[in-house]
Structure formats: structure tokens, C-alpha cells
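Worksheet for the structure shown next.
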């Protein structure tokens, strides 16, 4: 084996606490930092409490409020106060509403090269732009990590993405990740990490790198990482954090499982077309499509660089009368800087709406487009209905392309549209404006802190141990690329995330509005529920409610052709069996309403044997692979991680 190591190996191997670092092996790693946000963090904190921890044991843990800042009703405000008091009691930093989006603020104020970061949000890999191994996970995994426990993952294969050339004017970092999505797609990339290298890395600023690693989550990979170099040092120095800099490069001769070369000079502006980040087309192919709405912001493209470029292009111009333009800075730091230097005034003068420094439109809780609208967004996901309007078509582009659409009223290739204009050169500031007053420090002694619990906040739901026989019904059959948005809608439904009984009413509401009622009726009759799914089930968000709420409704197994990493882990965490068709064609033989019997479940799981489902109507048999580590077997048999931990503590 070569002694030369790549960046992924260097960081992971310094953090491994169990397992052997070979691709495909289960390993446990030490977690240096965690982040949570209010849509997933409330349940993570409830689980932290349920596990009996009395103080966080990480180097840094931060609780952000950035998702549900539209405080319709009391639920969101109550949850925010709960999070604030939990943070004060247990040693967690608390980033108040309005301070900014977790991934951008964490990159600006806390991220450190060479560290591990675990976040209860799927876009936590943003931290890879600063040389971290930053991984999205379910809230329960983050709660365990906050308490000092290891995070378990499959040791990854590593794909090297060699960047050459230089981006042309009006072509941006967003086009780099769109090009990679066109190559790799959004499925089949589980247990893989992406490592960027090559001579062009030095041409990209940290915010540009972070755009690439952020949207790398849509590939389905575990995370993505850039080297930590002089650009990294200068970014940290400008944030007043140069002492956290560590240089990290891959060794000469480092080995990779695959290599991909992207010539930045050859890239063309592109867009992810409805309704998948992997549906990538050149903007020149889409030119002339009428546009109703343009939204610039989100954790992908709301950095100082992105907002300054937007302002520079808009200066002295007016947005097309038919277009509604909204702009959201990713952090209060950026918002204050562009307000002080006059750039914000240029954006306002163009006719743009200034939106809060929050997730907002990206998760569909505000600025929903009109019926049948075309919406151009700089965010990272355009899943069906995610915008809040099911009939809208959402395209994901760079800020350059978004501004071109806002000014022209149609999709345009910015290289062509701005061919007679000088491309703004945005210099990274030598000193960012630093004001951490909206990040509250925890109490030195939290023993006297009383936690606020509103009426919408309940205890994490419990599950029964895995039965030996499933007498079950196929309660729903879904297709390929079912996302966690399909399973658990976001938007205004997120305010019920602390009230599982209520939130469970909306499981699969866009796929089958009758599912929740049907599943609960089955559960009350003693019939187990099974979900049948196609390829790449569980894409998208890390929200563990897509496992918790089905568990509450009595789902005991998901049969799928294939499944995405985070969602599979969440199913195991909550005692739902992730099963895979041994013969993928068997997916087509099952229908909603089929009654199935699965016998010897516990014995087969313990012994690593296939399960066999038998359809009661005709005796049709379906063989299912259940590939679990010993640790995962314990969790599934116990009915989930909480049950497993509690049983060991007795």
C-alpha cells in the first residue's frame, strides 16, 4: 500500500477511533465540531437530553436558527426559545435568528482546516471549502457526537477532481459543480468522497470553493473537500482567525479510486432544470425562456463575493418589469458590509426585494412563485414542489446567470448577454467586518438554567423492538429518486417538527394524501407498514423526520432498489429495516395494498441472511438483502439507537 496519502485519508485517519481505514469498512470517527439548525436541531436537542448528557464534549457545537424565521403561529418562536435555553444549559453556542445561514456563518466564524464537522443538515459539506471533512447526518447522530460519541460511516472511496484552466468571465463556481453533476448524476455515488485538486484550485476563492462543496451534496456523496492553502489562510486571516490555519495538501503519488478532469476554461454557463439538480443543460439551449421570478441567495451563493458581483452588475440598471427579484445575503456579516459600502443601495435601486439572511425561499417557506411560474434561483435544490408552488418550474443557476435573467426577463447565457460589459472583478476583503454579538455564549455553569418548553414540544417518539415476524401491508409504492421532501414536506409544515404526532399527518402528502391515515389505521390493527421504492430512495435533506414520522405511523421496513446514505442511516437509527431487492425486477411485482409476511426477521438479521417476503394472495416470494454492520444490527433489533443505548445502560 502506498505511503502517500490524499487529503481525505489524512484527515479521516487522524480521527478514526474504531475500524480499519479501507474502502467499504465501517469506521467510527471523532467529531471536532457540530452544527444544528432549527428545522432539525430541535429534535437533535431533545434526543441529546433523552440520552442523558449533561454537557457537550466537542471542541465547538453551534445551534443556528436560520430555517423557520417566518414565525407564523407560536410554534417556531417557541422552538427557538427552547433551542436558546438548551444551548445555554449544555454548552452550545447559539446563533440568533437573523445572524445568517448556518453553513455560511460556520465557514466564516468557526470552520478550521483539518477538523471534522458533523451537521444535522445535508449541506454541511460546505465546510469542505475550507479543508474540513464536513458531513451531513441525522439529528440523532449529531446528538451522540455532541455527547462525545463517535460518528460511524463507511470508509469512502475517493474521487479526485482535477481542475485545470481558468474560469472565463461570466462563468462561475456554480458552473463547476453543475458540470460535475452532469458527469456523476445524483444517484449511485454513496460512500464516496470528492477531493478537488489541480492547478486551477489556486484560482478559486474560499467562497467559490464552498459553493462547489455545498452543492456537492446533490451528488449523493458523503462530502467534498478542497486543499487548505494560501487562499484558505488569507480567508481565515480576514476573518480574524488565522491561528486556525493548517496547510493540507495531498501527497505526491496519492492514490484515488477514480480521476475526473474538468477544464475550467472550457465550461459554459449552465442550469439545473426542473425537477432535479442533476438535470443539467447549457443556458444557450434554454435561451429565450420567459422568467417570472429570480432569487439570489441561499447557502450556495450568498457570500460577499456573490452579493458584491450581483450589486456591480445591477448598478444603474432596472429589473425587467415582469420579473420579481429577491436578494438574500447569507450572513449578517455580508449584509452589514454591503450596506456600509453602498452595494446594497445599488441592489435596492434596481428594483430588488431585500430578503432576510436566512434559508427562506430555498426551503419553500417564503417567496413562493405564482402558478406555472418560471423561477431562477441560485440555491441548490429544485425538487418538485420545494418552492412552495407545485406547478412552478425552478432552474438553478449562478448569480451571473440569475442577474441576466432578472434584467432581460428571460433565461440568457450571461457570456452572450453581457458580451459588451466588463466582468466585475470582486476582490476578497483583507478584513471582514466581525461582530459576533448575535452568537450567544452558553452559561459557564448551566445547572440553574431552566429550559423553555412550549406546548408544541414533545419527547422523541419511541419504537418497539423489531418483531420476529412482519405481518405487513405495502402501504405505498413510490418511484425512483424519491427525496426527503417527497416523504416529509418542508415549507410551512416544518413548524410541526417538534410535534411528531402532528407532523406525521403529512408523510407522503404530495405522493398520496391518504398514506398517513392508512398507515396509522394499519398500525392500530396490528398490521406492519412497508414502503416499496425504486432507485435512490431518500435523496436530499438530512431531515431525520423522514424516518421518525414513518416510524411513528408503524413503518417497519423500506424495500428499495437502492437508497441514499443519510436516509438509510436515519432509518436504522429509528429501527426501520433498510432492505434491498436481491432481484431489482421484483420491485415491479409489488403493488400498494399487497399483504406480505416476512418470517424469522430477527434471526436473519442477526446472521446476516437474506429476508424473504411472501405475498399472501399468491405465494409470490421476494428475496431481500439486509446489509448491516454489527452495530446497526443491534440498533434495528432494539427498535432504534435510543433503545439500543438505553438497553446497554441498564
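Summary table
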item: Prolate/oblate/rounded label for segment 498-650 (Cα gyration tensor, a/c 1.5); result: rounded
item: Footprinting exposure proxy for 327, 56 (fewest neighbouring C-beta atoms within 10 Å first); result: 56, 327
item: Within segment 78-107, backbone nitrogen closer than 19 Å to the virtual label 7 Å beyond the Cα of residue 55 toward Cβ; result: 85-94
item: Centroid-to-centroid separation of segment 132-182 and segment 378-416 [C-alpha atoms, Å]; result: 23 Å
item: Rounded tilt (10° steps) of 206-215 against the dominant C-alpha axis of the chain; result: 30 degrees
item: Between 0 and 90°, nearest 10: helix 38-50 axis offset from the chain longest Cα axis; result: 40 degrees
item: Relative packing of peptides 549-555, 67-73 - highest average C-beta neighbours within 10 Å first; result: 549-555, 67-73
item: Reported label for calculated volume of the Cα convex hull per residue in Å³ given [x] 146; [y] 162; [z] 181; result: [x]
item: Linear extension gain, residue 5 paired with residue 648, 0.36 nm per residue minus alpha-carbon span; result: 227.7 nm
item: Label-point gap, in nm, between residue 339 and residue 255 - each point 7 angstrom along Cα→Cβ; result: 5.5 nm
item: Exposure proxy order (Cβ contacts within 10 Å, fewest to most) of 296, 527; result: 527, 296
item: Ranked packing of 316-326, 404-414, most packed first, by mean Cβ within 10 Å; result: 404-414, 316-326
item: Stretch gain in nm, segment residue 317-residue 266, where the contour uses 0.36 nm per residue and the Cα spacing is subtracted; result: 15.4 nm
item: Gyration tensor verdict on segment 228-368 (Cα atoms; rounded if a/c is under 1.5, prolate if a/b is larger than b/c, oblate otherwise); result: oblate
item: Between segment 576-595 and segment 528-544, the alpha-carbon center distance in angstrom; result: 13 Å
item: Mean Cβ neighbour count within 10 Å, used as a protection proxy, ranking 206-219, 508-521 highest first; result: 206-219, 508-521
item: Span per principal axis, largest first, for the Cα atoms of segment 246-305 (Å); result: 50, 28, 24
item: Calculated P(r) tail over 21 Å for segment 172-263, as whole % of Cα pairs; result: 34 percent
item: Shape call, segment 7-266: gyration tensor on alpha carbons, a/c limit 1.5; result: prolate
item: Which of 603, 112 has the fewest Cβ neighbours within 10 Å, and the rest in rising order; result: 603, 112
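Here, each number is a calculation from the coordinates, and none is a lab measurement. It should be emphasised that the depicted structure is a prediction, and the values quoted were computed from it without experimental measurement. Note: ideal-geometry Cβ built from the backbone for every residue, glycine included; neighbour counts use all protein chains shown.
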